[in-house]
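This report refers to the structure that appears directly beneath it.
The values are calculated or read from the model by the stated rules, or taken from the named source; none is laboratory data. Quick caveat, the model's predicted, so the values are computed rather than measured. Positions of Cβ are generated from backbone atoms using ideal geometry, with glycine treated the same way; all protein chains shown enter the neighbour counts. When the accessible area is computed, the model is the full protein with side chains, heavy atoms only, and any ligands, DNA or RNA have been set aside. Shrake-Rupley method; radii C 1.70, N 1.55, O 1.52, S 1.80 Å.
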Amino acid sequence: HVEPCPSSTNLTFLNAHFAQFMYRCKRHPDIDSDCMPLFLRPVVQEDAPALRAGFGALSSRSRFMRFLRPMQELSDDALAYLTRIDHCTHFAWLIGSGTQGIAVGRYVCTKEEPHKAEVAITVLDSFQGLGLSSLLLWALSHVAHKNG
């Protein structure tokens, strides 16, 4: 039995995948005060301004590592592609703290082999090295498995 993929307008699905938690930083795992409150939720179309701002905050090296080419700005078409997703063959998680988005991880299934996907993870420079990419990869693999 294969369940249909949730649509991006399925608020029940989106709300069920929202989590708030305290994250113990990888740099100092034994220090209780080295925790930060984070949230994890799917990316939605309304995140476009935040993704544009996050892109602007990335170093040129981080932009290159994510897009594999130099990019000075995120075009409107690229922004639409990154935020208008179906939450099945194209799924993206957003990690944030307070009102700031700090990391995005996504998978996009290939058209030739729909059970395979390409993965991309971006973390703001000031939050790199804390293990957020590992957390995003784990969350992406969970959703990809559930989506088939």
When segment 126-147 is checked residue by residue, the ones that are surrounded by fewer than 18 Cβ atoms within 10 Å (Cβ to Cβ) and in contact with a Cys (Cβ under 8 Å, 6 or more places away or on another chain) are Gly131
Inside segment 67-99, the number of residues satisfying the requirement of being within 14 Å of Leu40 (Cα to Cα) and either among the acidic types (Asp, Glu) or touching a residue at least 40 places away in the same chain (Cβ under 8 Å) (or both) is 8
So the helices (runs of 4 or more DSSP H) completely within segment 32-125 holding 3 or more residues that are more than 21 Å from Asn147 (Cβ to Cβ) and open to solvent by less than 40 Å² (accessible area, probe 1.4 Å) are 48-57, 76-83
Next item on the list: Look at Ala144 and say whether it is in a helix (DSSP H, G or I), over 12 Å from the mean Cα position of the chain (by Cα) and under 17 Å from Ala50 (Cβ atoms).
Entry: no
